[in-house]
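Encoded as structure tokens, the structure appears first; notes follow it.
The values are calculated or read from the model by the stated rules, or taken from the named source; none is laboratory data. All of these numbers come straight from a predicted model, not from anything done at the bench. Because the Cβ atoms are built from the backbone with ideal geometry, glycine has one as well, and the counts that use them run over all protein chains shown.
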């Protein structure tokens, strides 16, 4: 009887230890990656701030425009606060610009400029858990795809049922619009452009953990997958742009720099290979790092986007 009691005690201790470790690892991964003020996010924020000129980010650009903040409600009850720039020409063309992980809408000046010079109205998103928008956890593109769909519906109400909408996203925003492409979209959506998008969230987390933190990514991700579902509402494994892009029904342009060391260049081909053949387009910028394709060759970037939007 004493032996049985001892075995049961050991089993209970092991189970308690496993549960405690599960929560410790899960909270560590949340703090590292998807909490509003994540460790990876703060590292990225510092890198962006150190190289504003290299990315051609110019905050004074917005002094020339009147930005109107509006509110969009998400499917899970959060309030998001995108900004609108109305074109003075009373245009029916609308560009929705989706920023990246731990980025800000104010850093989208060069992309806004591309569309503004072609007569578009602009909608600049503030993704969940970014800026003024509500949310404790970053959506990694999965919940964001539905948030952008809500923003599209807002834009249709604002600019009319006959408006034409093009959606652009960079980095996590690029992954977001790739995932958006697999949803049932209003007929108003005409084109999607994704710059340096990752193909799968779990794979991207694994790459970052290995490359930047030298952590045993497989074990951490296996544990975090279910913990993320418990805390954030989604499995990291289901955040898959490849699965979504297979159902894309509008022309989609995929852009990537071949020297990207944050979202590997190989993601471009994975997404391109799975997009419908008659709709897919791609552009490679040689020598460009993550999010730096435009800065590497602004004239070529603008021309590629301009020609794609004519398709």
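Looking at this structure, is residue 206 at pLDDT 95 or above and surrounded by fewer than 21 Cβ atoms within 10 Å (Cβ to Cβ)? Please lay out each step first, then the result.
Values: at pLDDT 95 or above: no; surrounded by fewer than 21 Cβ atoms within 10 Å (Cβ to Cβ): yes.
No, not satisfied.
Condition first: more than 19 Å from residue 105 (Cα to Cα) and without any contact (Cβ under 8 Å) to a residue 60 or more places away in the chain. Can you find one or more residues in the stretch 137-148 that meet it? The answer is no, given that none of the residues of the stretch 137-148 is more than 19 Å from residue 105 (Cα to Cα) and without any contact (Cβ under 8 Å) to a residue 60 or more places away in the chain. Taking residue 302 as the residue in question, decide whether it is at pLDDT 95 or above, touching a helix residue (DSSP H, G or I) at 6+ places or on another chain (Cβ under 7 Å), surrounded by fewer than 18 Cβ atoms within 10 Å (Cβ to Cβ) and over 18 Å from residue 178 (Cβ atoms). It is true that residue 302 is at pLDDT 95 or above, touching a helix residue (DSSP H, G or I) at 6+ places or on another chain (Cβ under 7 Å), surrounded by fewer than 18 Cβ atoms within 10 Å (Cβ to Cβ) and over 18 Å from residue 178 (Cβ atoms).
Among what's in the stretch 136-168 and is in a helix (DSSP H, G or I) and in contact with a helix residue (DSSP H, G or I) (Cβ under 6 Å, 6 or more places away or on another chain), pick the residue that is surrounded by the fewest Cβ atoms within 10 Å (Cβ to Cβ). If we take residues in the stretch 136-168 being in a helix (DSSP H, G or I) and in contact with a helix residue (DSSP H, G or I) (Cβ under 6 Å, 6 or more places away or on another chain), then 145 is surrounded by the fewest Cβ atoms within 10 Å (Cβ to Cβ). Filtering the stretch 83-118 to residues that are more than 21 Å from the chain's Cα centre (by Cα) and part of a loop (DSSP other than H, G, I, E, B) leaves 86, 87, 88, 89, 90, 91, 92, 117, 118. Counting only residues that are in a helix (DSSP H, G or I) and modelled with pLDDT of 90 or more, which one in the stretch 34-62 is nearest to residue 231 (Cα to Cα)? Looking at the filtered set, the residue picked out is 34.
Is it true that residue 227 is out of contact with any strand residue (DSSP E or B) (no Cβ under 7 Å at 6 or more places or on another chain) and not assigned by TED's automatic domain parsing to the domain that holds residue 112? Yes, satisfied.
Among the conditions (1) modelled with pLDDT of 95 or more; (2) part of a loop (DSSP other than H, G, I, E, B); (3) in contact with a helix residue (DSSP H, G or I) (Cβ under 6 Å, 6 or more places away or on another chain), residue 133 misses just one, which is (3).
Examine the stretch 281-298 for a residue that is at pLDDT 95 or above, loosely packed, with under 15 Cβ neighbours inside 10 Å and part of a helix (DSSP H, G or I), and state whether such a residue exists. For the stretch 281-298, residues at pLDDT 95 or above, loosely packed, with under 15 Cβ neighbours inside 10 Å and part of a helix (DSSP H, G or I): present.
Quick check on the stretch 216-239. Is at least one of its residues crowded, with 19+ Cβ neighbours inside 10 Å and closer than 30 Å to residue 311 by Cα? Looking for residues that are crowded, with 19+ Cβ neighbours inside 10 Å and closer than 30 Å to residue 311 by Cα, one finds at least one in the stretch 216-239, hence yes. Is there a residue being surrounded by 15 or more Cβ atoms within 10 Å (Cβ to Cβ), under 22 Å from residue 142 (Cα atoms) and either assigned by TED's automatic domain parsing to the domain that holds residue 294 or touching a residue at least 12 places away in the same chain (Cβ under 8 Å) (or both) anywhere in the stretch 52-73? Checked the stretch 52-73: at least one residue is surrounded by 15 or more Cβ atoms within 10 Å (Cβ to Cβ), under 22 Å from residue 142 (Cα atoms) and either assigned by TED's automatic domain parsing to the domain that holds residue 294 or touching a residue at least 12 places away in the same chain (Cβ under 8 Å) (or both).
Being closer than 24 Å to residue 293 by Cβ, touching a residue at least 12 places away in the same chain (Cβ under 8 Å) and buried (at least 21 other Cβ atoms within 10 Å of the Cβ) is not true of residue 211.
Mind listing just one residue for me: the one in the stretch 63-78 that is over 18 Å from the mean Cα position of the chain (by Cα) and not in a loop (DSSP other than H, G, I, E, B) and, of those, nearest to residue 152 (Cα to Cα)? Checked the stretch 63-78; the qualifying residue nearest to residue 152 (Cα to Cα) is 73.
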